[in-house]
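The values are calculated or read from the model by the stated rules, or taken from the named source; none is laboratory data. No experiment lies behind these values; they were computed from the predicted model shown. Note that each Cβ is placed from the backbone with ideal geometry, even for glycine, and that neighbours are counted across all protein chains shown.
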Amino acid sequence: MSEIKKIKNLKEFSTSADRFEGANLLCPGCAHSIIVREVLNATNDDLILAASTGCLEVCTAVYPYTSWDASWIHIGFENGSSAVAGAEAMYKALKNKGRLKQPDRKPKFVAFGGDGATYDIGFQWISGCFERGHDMMYVCLDNEVYANTGGQRSSSTPIGSSTTTAPAGRTSYGEKKNKKDMLAIMAAHGAPYVAQVSPSKWKDMVAKIQKGFAAEGPVFINAISPCTTEWKFAPEDTIAMTDLATDSLVFPLYEIINGTELNITYRPKNIVPVRDYLGAQGRFKHLFTKQYEYLIDEWQVRVDNEWARLQRREEARV
Amino acid sequence: MADNMELRDIEVWDGNMAASQALRQVQVDVVAAYPITPSTPIVENYGNFSANGYVDGEFVMTESEHGAMSCCIGASAAGGRVATATSSQGFALMVETLYSASGMRLPIILNVVNRAIGAPLNVNGDHSDMYMGRDSGWIQLDAYCPQDAYDLNFIAFKVAEDHDVRLPAMVHQDGFMTSHTAQGVHTMTDEQGFSFVGEFQPMNDMLDLDHPVTHGVQTEEDWHFEHKARQQHALMTAVLPKIQTAFDDFEKLTGRKYNLVETYNMEDAEVAVVCLGTSVETAVEVMNEMRAAGLKAGVVGIRVFRPWPLEQLAEVLKNVKAVAALDRSSPHGTVGALYNEIAGTLFNTETKAVLTNYIYGLGGRDLTKAHLKTIYGDLKANADAGKPTTPLQQYIGLRGPKLSFF
Ligand SMILES: Cc1ncc(C[n+]2csc(CCOP(=O)(O)OP(=O)(O)O)c2C)c(N)n1
Ligand code: SF4
Ligand SMILES: [Mg+2]
């Protein structure tokens, strides 16, 4: 197995060799780029990457330019997972046949996809890859919306969020369904490692990415990715937004090993009310009216219940 | 190392086995596939070779045909030999990725065992799936029998993987009629088969870790057109000569001769039937009977459907007085695809030929010798009159009231 990269501090981490260039077309303050850099910088190993159609893809590989200094492939919206799985299969074949050009280097295979590409349209392909056990990491850039196409709902969009296909209005508070529990679904595949990460909790995130790289088989990472454009907050507040998400426990940080062993990896010292998280984003603005205010209390109850459930599972070790 | 398989000079194989054996002999690095009738046995046979040490590449059974072609694309971009097989609904599910594969210039080989597309659901052979692929940017070769299905796979790999081509290729065979009908197939030894195609030569391979590459970029109105035009240019200029060279080399090796356009008694033919797949053989048999009865009849078999051999076909048809284009797919709202192609081929030439269209064999219905005799009768009447005496588009072998158009 290759050596795990040692990362001493944030300064060193943020300035380490960069295989994802700052020259890209993502919005200023887009969390996608922060997440991608943290994943790539967590290892010194060679990388074979894929992306599904979405903001990351359309903003980083516009011919004749590329932001990627590692091999990278995009096919369509739903099949980034299979693209990397195919490359991983070819790696195995060529290794077996003695035809690798650099036989002593073992690359890591990573696919990036938005929540649309992951929770919705690409789910079947991801499920197939995980069931087959390809040695790959799938990273979901979860901004809870189809950002690239102008902010339509996905099955990751949380209750009460206003999107262009489930807009808030006089008779609707926006999204009616709660976010799909993708981590539980991926853990149920028997994956050796699945985890939720936040780019602002970078030590926790790097540790998880490195654990994922060390695991044999398919690894699923769900990364919260605040979208300044669709969540409607100022671009300089991206990190503050991820902190609000983790510290309100709206986006709890935990991992599940081998489908059963759940560990909560971050317990906020001061838990922030969900109201503060919602209030910081334009997509929930309409909840702060007499008509829809009851939803904020419901949100808080839901988050409290989920946090309690996670703690019970952690304790029970099942 | 994969084990060699001792083959007899002539093996009794159906079209599916013939295709599987070709995939084994060229030692494909990654086969990612999904089963569907009637191409399933190709995948099963390959799985069997894999389970018994006759291939040492990766065999990936995906969750769908779309996933299969997606894996093939990733594997091909990584830098190695890649193949798969499908039919019908599976082909339809793959369509999005077919355009990706060709647009990314990846030399994947897809065996298409032709089958109707529902609704109504139907497992039998017609050319609906084949026609669905015709604008996808792939090379499309057509086998008429198990021997062709074997041979054309070697041709497909050789041409597709050529660095001047770098385009994916389909090898078509008719569902059941070819895929499940066993015939004597002349074989090559494993050594001969492999060396005809040769070791895979990677280009822009993702696994060359010292030279990272970006595959599958975004282009808008600024560059998209140039990319598509270059692909079309390769198809229109590079591919047919490469196929011809491969045919020539193959003939030297095996004695078996293939042509861009297959002709049967076309030198002095006054009337001709143009068709694809297993129908060619039936048409040739009837043509010989018509000749014996005094009609100067000929048959043209389309061997390369894409790129369309426009010049070669115009040459073959230049002195013919009446031509029947036989389409085994419902054109749904126009004339048949072969009719269209042939009309496009003959327009702007000196031809005076009368061109008519027959839709036949949908969902696996038989094309009989009696049907072909009727067609030759129509052709003779058209040739004698110098104008159409029959409707432009007719059904053959259809139950119920006569339907015809134009
Ligand atoms: C098959 C297909 N359906 C729809 C689209 C249109 N489309 C492209 S990206 C996208 C949304 C992407 O959302 P997500 O995966 O969440 O990524 P984000 O842009 O939010 O990062 C959609 C709907 C497409 N490209 N392909
Ligand atoms: S729309 Fe959102 S996800 Fe897309 S680039 Fe902008 S900030 Fe990033
Ligand atoms: Mg999204």
Q. Can you tell me which of A:246, A:242 is more than 16 Å from ligand 3 (Cβ to nearest atom), crowded, with 17+ Cβ neighbours inside 10 Å, within 27 Å of residue A:312 (Cβ to Cβ) and polar (S, T, N, Q)?
A. A:246
(Q) If I go through the range B:149-173 residue by residue, how many of them are out of contact with any Phe, Trp or Tyr (no Cβ under 8 Å at 6 or more places or on another chain) and of a type in the set (D, E, K, R)? (A) 3
Q) Can you pull out the residues in the range A:133-156 that are touching a helix residue (DSSP H, G or I) at 6+ places or on another chain (Cβ under 7 Å) and away from ligand 3 (no atom under 15 Å from the Cβ)? A) A:134, A:135, A:136, A:137
Q: Inspect all residues belonging to the range B:9-23 and state whether any of them is within 14 Å of chain A (Cβ to nearest Cβ) and either in contact with an Asp or Glu (Cβ under 7 Å, 6 or more places away or on another chain) or farther than 26 Å from residue B:212 by Cα (or both).
A: yes
Q: Restricting attention to the range B:69-101, report how many residues are without any contact (Cβ under 8 Å) to a residue 40 or more places away in the chain and surrounded by fewer than 24 Cβ atoms within 10 Å (Cβ to Cβ).
A: 3
Q. Among the residues of the range B:128-141, how many are touching a helix residue (DSSP H, G or I) at 6+ places or on another chain (Cβ under 8 Å) and either part of a loop (DSSP other than H, G, I, E, B) or over 18 Å from residue B:157 (Cα atoms) (or both)?
A. 9
**Q.** Residue in the range A:301-309 that is within 16 Å of residue A:181 (Cβ to Cβ) and in contact with a Lys or Arg (Cβ under 7 Å, 6 or more places away or on another chain) present
**A.** no
**Q.** Sole residue being more than 7 Å from every other protein chain (Cβ to nearest Cβ), of a type outside the set (S, T, N, Q), closer than 20 Å to residue A:223 by Cβ and surrounded by fewer than 22 Cβ atoms within 10 Å (Cβ to Cβ), chosen from A:126, A:121
**A.** A:121
Q: Test each condition in (1) assigned to a strand (DSSP E or B); (2) within 12 Å of ligand 1 (Cβ to nearest atom) for residue A:110 and report the one that comes out false.
A: (2)
Q. What are the residues in the range A:231-257 that are of a type in the set (A, V, I, L, M) and within 16 Å of ligand 2 (Cβ to nearest atom), if any?
A. A:234, A:239, A:240, A:241, A:245
Q) Of these, B:208, B:248, which one is acidic (Asp, Glu), in contact with a helix residue (DSSP H, G or I) (Cβ under 9 Å, 6 or more places away or on another chain) and at negative phi? A) B:208
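Mind counting the residues in the range A:160-173 that are touching a helix residue (DSSP H, G or I) at 6+ places or on another chain (Cβ under 7 Å) and of a type outside the set (Phe, Trp, Tyr)?
Going through the range A:160-173 one residue at a time, the tally reaches 4.
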Q | residue A:261 vs. criteria modelled with pLDDT of 95 or more, farther than 30 Å from residue A:188 by Cα and of a type in the set (Asp, Glu) | A | no
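Please find, among A:18, A:69, A:45, the residue that is under 19 Å from residue B:212 (Cβ atoms), touching a residue at least 60 places away in the same chain (Cβ under 8 Å) and either of a type in the set (Asp, Glu) or within 7 Å of chain B (Cβ to nearest Cβ) (or both).
Within the list A:18, A:69, A:45, the selection yields A:45.
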Q | Selected residue (criterion: surrounded by the most Cβ atoms within 10 Å (Cβ to Cβ)) from residues of the range A:72-93 that are assigned to a helix (DSSP H, G or I) and more than 7 Å from chain B (Cβ to nearest Cβ) | A | A:80
Q: Report, by residue number, each residue of the range B:57-82 that is closer than 15 Å to residue B:27 by Cα and more than 7 Å from chain A (Cβ to nearest Cβ).
A: B:59, B:76, B:81, B:82
**Q.** Subset of the range B:1-60 (residues that are surrounded by fewer than 17 Cβ atoms within 10 Å (Cβ to Cβ) and either of a type in the set (D, E, K, R) or assigned to a strand (DSSP E or B) (or both))
**A.** B:3, B:6, B:8, B:9, B:10, B:12, B:44, B:56
Q | the range A:21-39, subset within 12 Å of chain B (Cβ to nearest Cβ) and touching a residue at least 40 places away in the same chain (Cβ under 8 Å), residue nearest to ligand 3 (Cβ to nearest atom) | A | A:24
(Q) With the requirement that a residue be out of contact with any Ser or Thr (no Cβ under 6 Å at 6 or more places or on another chain) and within 15 Å of ligand 3 (Cβ to nearest atom), what does the range A:222-239 give you? (A) A:222, A:223, A:225, A:227, A:228, A:229, A:230, A:231, A:232, A:238
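Kindly provide the set of residues from the range A:213-230 that are of a type in the set (A, V, I, L, M) and either crowded, with 24+ Cβ neighbours inside 10 Å or within 16 Å of ligand 2 (Cβ to nearest atom) (or both), ordered by number.
Answer for the range A:213-230, where residues must be of a type in the set (A, V, I, L, M) and either crowded, with 24+ Cβ neighbours inside 10 Å or within 16 Å of ligand 2 (Cβ to nearest atom) (or both): A:219, A:221, A:223, A:224.
Results for (1) over 24 Å from residue A:203 (Cα atoms); (2) assigned to a loop (DSSP other than H, G, I, E, B), shown as yes or no for each residue.
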| residue | (1), (2) |
| --- | --- |
| A:292 | yes, yes |
| A:296 | yes, no |
| A:302 | yes, no |
| A:311 | no, no |
